[in-house]
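This report concerns only the one structure given below.
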Amino acid sequence: MLAVITHSLIAPAEERSDMEPGFLTLVSRIVRSVHAANLRRQERQIGEFVETRGGRITDDLERQIGQYFC
């Protein structure tokens, strides 16, 4: 869902001529910041997940990460 919202808000300039450029810049910066924060949070959670399971990446652990986080 976020990808659809992000794509619609960060469209090329010729597609968004009906809105003020300043507003779109602000919205796109907010969307990018939220997206980056979510990625950092997920990476931190994956790191904790790996640490609680011994700290070694194995095939089984990769599979669990894929099932749990995706």
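The values are calculated or read from the model by the stated rules, or taken from the named source; none is laboratory data. Computed from a prediction, not measured in an experiment: that's the story for all the values here. As a convention, Cβ positions derive from the backbone with ideal geometry for all residues, glycine included, and neighbour counts pool all protein chains shown. Remember, those area values only see protein heavy atoms, side chains included, never the ligands or the DNA or RNA. Shrake-Rupley method; radii C 1.70, N 1.55, O 1.52, S 1.80 Å.
Residues that are at pLDDT below 60, assigned to a loop (DSSP other than H, G, I, E, B) and touching a helix residue (DSSP H, G or I) at 6+ places or on another chain (Cβ under 8 Å) within segment 1-55 comprise I10, R16, listed in sequence order.
Within segment 23-70, being open to solvent by less than 50 Å² (accessible area, probe 1.4 Å) and of a type outside the set (V, I, T) holds for L24, S28, A36, A37, G47, F49, G55, L61, G66, F69.
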